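Step one of this worksheet: look at the structure below.
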Amino acid sequence: MLTYRVLADLVVIVHGLLAAFAVAGAAAVAVGGCLRWRWVGNFWLRAAHLALVVIVAMSPLTGRLCPLTTLEQSLRLRAGETTYPGSFIGHWVHELLFIDVSPEAIAVSYCLFAVAVIAMVPLVPIRPPGNWFGRRDGV
């Protein structure tokens, strides 16, 4: 039982890190675009970020919870623990800020965030793969 609890806690950590990557990645692209940081145009970084944001935005639109939320809840049930209803973000917003956020509000915020990230693509162009640091010599 303890193993499932530890695994569920690890899923929460990974989930939190991915959420931080989504938010920090968007902020880095916005700031980096203004300051002309070449690394924010890195293909692999931007592709991973864009894919993550789009997948997250699509989850509530398809009526599904994030796969990581589903995995965490499954592991908690196997560990004999109770689970929280709804989404990971909704749960933690409630726990940390003591406010309830409706699933609809979360879905709208995910979609607006995805639109903002997609809108940054032409503003801060993505460079072709193979040039991680933006060097002109390709080394």
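One table, with the values for the structure above:
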read-out: Flag if A19 is out of contact with any His (no Cβ under 9 Å at 6 or more places or on another chain), of a type in the set (A, V, I, L, M, F, W, C) and at pLDDT 90 or above; value: yes
read-out: Test: residue in region 59-67 that is buried (at least 18 other Cβ atoms within 10 Å of the Cβ), under 11 Å from the mean Cα position of the chain (by Cα) and at pLDDT below 95; value: yes
read-out: Contacts under 7 angstrom Cβ, first residue in region 100-122 being closer than 18 Å to Y84 by Cβ and at pLDDT 95 or above, partner surrounded by fewer than 15 Cβ atoms within 10 Å (Cβ to Cβ) and of a type in the set (D, E), 6 or more apart; value: none
read-out: Selection status of A8, at pLDDT below 95, touching a Leu at 6+ places or on another chain (Cβ under 9 Å) and under 30 Å from V124 (Cα atoms); value: no
read-out: Residue satisfying condition, being at pLDDT 90 or above, small (G, A, S), surrounded by 15 or more Cβ atoms within 10 Å (Cβ to Cβ) and touching a Phe, Trp or Tyr at 6+ places or on another chain (Cβ under 9 Å), within set A30, A26, A48; value: A26
read-out: Residue within region 65-85 that is out of contact with any helix residue (DSSP H, G or I) (no Cβ under 9 Å at 6 or more places or on another chain), among the hydroxyl-bearing types (S, T, Y) and within 23 Å of A8 (Cβ to Cβ) present; value: yes
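The values are calculated or read from the model by the stated rules, or taken from the named source; none is laboratory data. Owing to the predicted nature of the structure, the values given are computational and were not obtained by experimental measurement. Note: ideal-geometry Cβ built from the backbone for every residue, glycine included; neighbour counts use all protein chains shown.
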